[in-house]
Structure formats: C-alpha cells, structure tokens
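Engineer: I am attaching a structure below and will ask some questions about it afterwards.
All of the numbers you see were taken from the coordinates with simple rules; none came from a lab. Predicted model only: the values in this text are computed from it and were never measured. Quick reminder, even Gly has a Cβ in these numbers, built from the backbone with ideal geometry, and neighbours come from all protein chains shown.
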Amino acid sequence: MQSPAIEIDRLGFAWHQGRDVLDIAEFTVQRGERLFVQGRSGSGKSTLLSLMGGIVLPTRGQIRLLGQSMQELGAAARDRFRADHLGVIFQLFNLLPYLSVLENVLLPCHFSSVRRQRVLARAPSIEDEAMRLLQRLQLAEPELWGRRVSQLSIGQQQRVAAARALMGAPEIILADEPTSALDAHSRDAFLGLLLQECAGLGTTLLFVSHDAALASRFDRTLVLDALRPLEAV
Amino acid sequence: MAMLSLALKSLKNRAGSAALTVLTIAISVMLLIGVEQVRTEARTSFANTLSGTDLIVGARTGQTQLLLYSVFHIGNASNNVGWDSYRTIAAHPQVDWTIPLLLGDSHRGFRVLGTSGDFFRHYRYARDRALAFSAGQPFDDLFEVVLGAQVARELGYQLGQEVVIAHGMGDTSFSKHDDKPFRVVGILAPTATPIDRTLMVSPQAIQAIHLDWQAGVKLPGQTVSAEEAREQDLTPTELTAFMVGLKSRMSTFALQRSINNYRKEPLQAILPGVALAELWSLMGVAEQALLVISVAVVFSGLTGLLTVLLGSLNERRREIAILRSLGARPWQLLSLLTFEAALLTLLGSVLGMALLYLGIALSQPLFAQWLGLQLELSLPSARQWIFLALVQAAGILTGLIPGWRAYRYSLADGMTIRI
C-alpha cells in the first residue's frame, strides 16, 4: 500500500523558542485527497505550509511527506524533495515577470529531472505538456503563451501559476490563499479548473484559505485556530 | 532553458541598472589601466630621453646632478669644463664623436643650448631615434638658431623670425643680448624629451653674445656689435658638459676611468643609463603613488559593483525566493548571481578598455604636446593583463557575497513569499 501523502504526528512548532504557533496531535492526508485548510490570519497557516514544504522543521514531533520523514533529510535533500514532489500556488502568484507564460510554466521541469521525466513519460515534450495544461486552464490562445506574464490579467496570471504548479504532476500541491486576489466569479472558475486537473492527475491538494465558503468543494476541512489550534473534520 | 538563459533574461529585465553597473566598472578599469599606462609610459619616456650616448662628461659633481643639468636642463652647473680638456678628450682615439653642451642663457623661459652640428647628427633618443626637422635645417651661420618643437609651438615662431636671447634664466630677465638677434633656420620635430623645450645655437654664438660681458654683467661702453663679433676668435673658453660616443662600447669603462683621473682639472664621466636608473629610483615615490592611486580606483570600482549587486539583490529577493520555491538549489542561485557579477565585470572591463583606447587615440597628440608623453596604442601589457584578471576575480568574489545572502534570504523567506 502507498504511504499517505502527508502524515503529522504530535507536531509542534515555535519560532525562536516562543509560544507554539502550531500544535497538531495527529493528522493524515491520503493520496489524491483534496483538503481545505481554514484559519484566520496568524493562525499558523503559513507556518504549516513551510513545514509541509520542508522549508522549516518541526520543533517537536514528526512530519512525513509521501512516507518520507522531513527530519531525516538534509537541507539539500529537502530542496530536492520539494522540487520533485511539491507544487506550490502562491497568493501573489509569484511568476517571474521577465519570462513568457510558457517559460514560467516550464520552470519546474528545469529544476527537477523527476518532474521532467514524468512529463516525458506521457507527452512528446515538456512544451506539449505545458500547452496542454494551459489549454485545460482556459489559456488556450497560443498568442498568449509568448507574452510576458506581466501583460496578463490577474485571473490569467493565477491560472498560469496553477499550470506551473501542476507541471510534471507533483504528488502534492500546496495552494496558499490562491483566490484572494480574484473576484467571486473568477474564484469559482479557477477553483473548478484546479480541482478538476488535480483529480485528473491524482494529485493531493492542500488548499489554504480564510474563505469558509469554499470548504464545501473539498473532501475535508482542517480548521486552524489562532489561540488553540485544533483539528476538525 | 538553462540557468544561463534565465540569468540573461533576468539581467535583460534590469538592463538599465545593469548598464549603469557596467559603466561604473568600465570607468574604474579605464582609470586603472590608464593610470598604469601613464605610469609605464612616464618611465619609458624618461628612459628614452637619451640613447646612444656612452658617456656624459662634466665638472666633478654628483652623477645625478650632472645628468639633470646636462640632459634635463634642470638646475645649473656649479663648474664648467675647460675647452682645452674637451678638445683633448674629443681627440682620444677611442672617441667616435662628441657633442658639446653650453648652457646658461634662455629665451622667454626656454633654455638655450650652445652645441655643434654633431648634435643633430649624433644625438639619439627613445630607441636610437635621430633628431628630425619638421622645418628648415641645422644652423650654419653664427646668428642662426634651431627651435625645439614645443618652443616653436608655444611661442608661435616661424622660420626666418628674429629671436633675442636673454642672459640667465627667466622670462623677465633684464639683461638681454638684444644687440645680437638670432634668425630661426630650423624647427625640430617633437621628441617628447627636454630638447622640445630648448633653443639650439652654435658654441661660437654663445661666445659671441658674451664678448662684451663679464661676470654676468654687460660691460658699459664696450659694446661689440654683431658684425665686429664675427671678426673675433669665437672659440669658447669653457663649456658646461659634453656627450661622448665611442667607437667600441668595450672601452667605455677604461675611458670613464681615465676621464675621472684627468689631471688638468677635476672631471667626471657618467654612464647615462646608470644615472637615469638612479634618478628614476629617486622619483620612485611618485611612481608608487600612482600605483596606490590605481589600486584605490579599482577598490572603489569594486565597492561600487558590490553596492549595486547588493542593492539589486534586495529588488530580486522575491525572484530568488520564487526560484527556490520552484526547486532551484542553493548552488544554482549562487551561480546565478555570481555569473551575473562575472558577466557585468567582464562587460565593464571590455567597455573600459574600449573607452581607454578611444581616449588614448583622441588624446595622444595632446599628451605628446603638453606633457611630452608618448602614449602608445598597444595591446595590454602582461602587467595590465594581470590587473584585468584581478579585477575579474574580484568581480566574481564580489558576486559570491550577494549569492550567499540570497541563499540566506531564501531560507528565511520560506514558503511565504510576500516581500
């Protein structure tokens, strides 16, 4: 049996020996599961994402991604692991403004041979896969692909960011408030496309937002509370 | 798309500030290599003042002092050499030629040198270059004068013009030999040596203008006109110094020794090369100062480079964090920034050298005319290549600092890129 996508065991985290910002007794996300993480500002959402991305290590307890304990990896190996197995969608998209749409989407394959190989296993070239993803995310006009991302609308930029995260089918996608810059209509359209594409690739999606209205579209919800983080289903 | 192309695209995106950085480095490199060039040329130009002369003979004094007044026309001789002694040594079987040097008079701040026609035949400067005339010919008549290039240019003199020689030095000298004007018959081509600032007449002419003088004062009521002067015996009684060319270099030391032991009067013979080297070592402080300036210039240039790179790093903090979140490894970020620093430094060096060569090409005539420095348009010397390599190495090292900081940032920024 495959190990779960994310396993958390008695995890605690504090910045600079201060008060714990996170305290999660036990939590597991299965592969292919779509999880909604809800919490107010300062509830430890960002810290949770940094822990899951292997950027910081827990102060106490364990975090395992795809069966691999993050503590057991060195810094360089965690970088590698993140590049190979994680896709991230940021609140502010974080596209490179001086690259074209297509070049932005291709970036993960330049930093991870694992993701490149995965793409080439089912597409003739990484460019083909990038174009396929862009089309799936309703950025179908080829004339868009050569443009610099700074010339795109906010909604379009967020879809480019999603295509970039999906590139090379990473097992886990972390989305950090990706819809906060979008209006209600774009938000729903974006979420629909993202959920659809994750389902198609069998990707585990961890979607962080303060917007409780979105929770109904996910398999499960984790609520983080600012004062006493707790777990809910 | 490799890191290389990413680096280039990122740089292109910041073309404006990158261009300024390149310009900063270019100016530093231009100054460094330029100062180094001037330093080398000053030294060469100095060593090039005299060539081909085996011995310089004067009254007994320090060898540096003799060199200074005989070749550089700086200062005055404390004693003269008797004309008889000069003729005796000139007649020595090993001596090929001699050039008499009679100094002491001036024309509007320029030295007047009494010398023979052998001066134009045998005097050599740089690497065995002979004197050339840009106009006219050597003096032939008693009251004819040949001008150095700078004298003619600064005073605007033409051939055929009349020139009055003043007694002693100084523009405003009251005692002028105005009863015996000289006619300009030749103008020398520039040599970048003290010759350019000198007027040349025959030794007899020096004697002639001093006929009615004694102990530096005009004798009242004893005027000897120019025409009367021609009638008299104008062989000088003494001269300041003279240059000697030998038939064989082998006899240099033997002749030097015998001149130094000359019995009739205390004489001294010096080897120009040795004296020039000794004099230059006295001026070594100035040379070292120039070197220190060069180094300071480069240091400031590299500090500028570091400032610009660190400044742009703050702008790029977000870019670096994005790349890292996409899986770029620390060494890739480090190489990205170091490559950029190396590229900017290289472009700066190339541009700096181009500017320098352009500057030299444009200012060459000015340098030659006003400073007597002959700047050559030549490929960088070994030393200059070393400087360029050091600048490049320093540029790369400078790039490592922001590279390292970028790595630190990317750790601190984590997955939340909100800068």
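Engineer: Within 10 Å of each residue's Cβ, count the other Cβ atoms and sort B:Ser106, A:Ser112, B:Ser381 from fewest upward.
Structural biologist: With the fewest neighbours first, B:Ser106, A:Ser112, B:Ser381 line up as B:Ser381, B:Ser106, A:Ser112.
Engineer: Over the Cα atoms of the protein assembly as shown, compute the convex hull volume and normalise it per residue, giving Å³.
Structural biologist: Expressed per residue, the convex hull around the Cα atoms of the protein assembly as shown is 242 Å³.
Engineer: In degrees between 0 and 90, to the nearest 10, how far off the longest principal axis of chain B does helix B:15-47 point, with axes built from Cα atoms?
Structural biologist: Long axis of B:15-47 versus the principal axis of chain B: about 20 degrees.
Engineer: Among B:Ile165, B:Ile206, B:Ser251, flag the residue with its Cα farthest along the positive direction of the charge dipole of chain B, charges on Cβ as +1 for Lys/Arg and -1 for Asp/Glu.
Structural biologist: B:Ser251
Engineer: Can I ask one more? Specify the angular offset, from 0 to 90 degrees and rounded to the nearest 10, of the alpha carbon long axis of helix A:126-136 from the longest principal axis of the alpha carbons in chain A.
Structural biologist: Between helix and principal axis, roughly 80 degrees.
Engineer: Count, for each residue of A:182-191, the Cβ atoms from other chains sitting within 10 Å of its Cβ, then give me the mean as a whole number.
Structural biologist: Per residue, the average neighbour count from other chains is 0.
Engineer: Which chymotrypsin sites (Phe, Trp or Tyr not before Pro) from segment B:1-88 combine a DSSP loop assignment with at most 11 other Cβ atoms within 10 Å?
Structural biologist: none
Engineer: Then there is this: Report, in degrees rounded to the nearest 10, the 0 to 90 angle that the Cα long axis of helix B:330-366 makes with the longest principal axis of chain B.
Structural biologist: For B:330-366 against chain B, the angle is about 20 degrees.
Engineer: Whole angstrom only: what separates the Cα centroid of segment B:67-93 from the Cα centroid of segment A:142-200?
Structural biologist: Segment B:67-93 and segment A:142-200 have Cα centres spaced 94 Å from each other.
Engineer: Same structure again: I'd like the per residue volume of the convex hull spanned by the Cα atoms of chain A, given in cubic angstrom.
Structural biologist: Normalising the Cα hull of chain A by residue number yields 126 Å³.
Engineer: Still on this structure, please answer the following. So which aspartates and glutamates pass the test for B:Lys247, namely a Cα distance under 19 Å, with those fewer than 8 places away in the same chain ruled out?
Structural biologist: Leaving aside aspartates and glutamates fewer than 8 places away in the same chain, those within reach of B:Lys247 are B:Asp54, B:Asp96, B:Asp118, B:Asp128.
Engineer: Let's see if you can work this out: charge +1 on each Lys and Arg Cβ, -1 on each Asp and Glu Cβ, no other charges. What is the dipole magnitude of the protein assembly as shown about its Cα centre, in debye to the nearest 20?
Structural biologist: Here the protein assembly as shown has a charge dipole of around 2140 debye.
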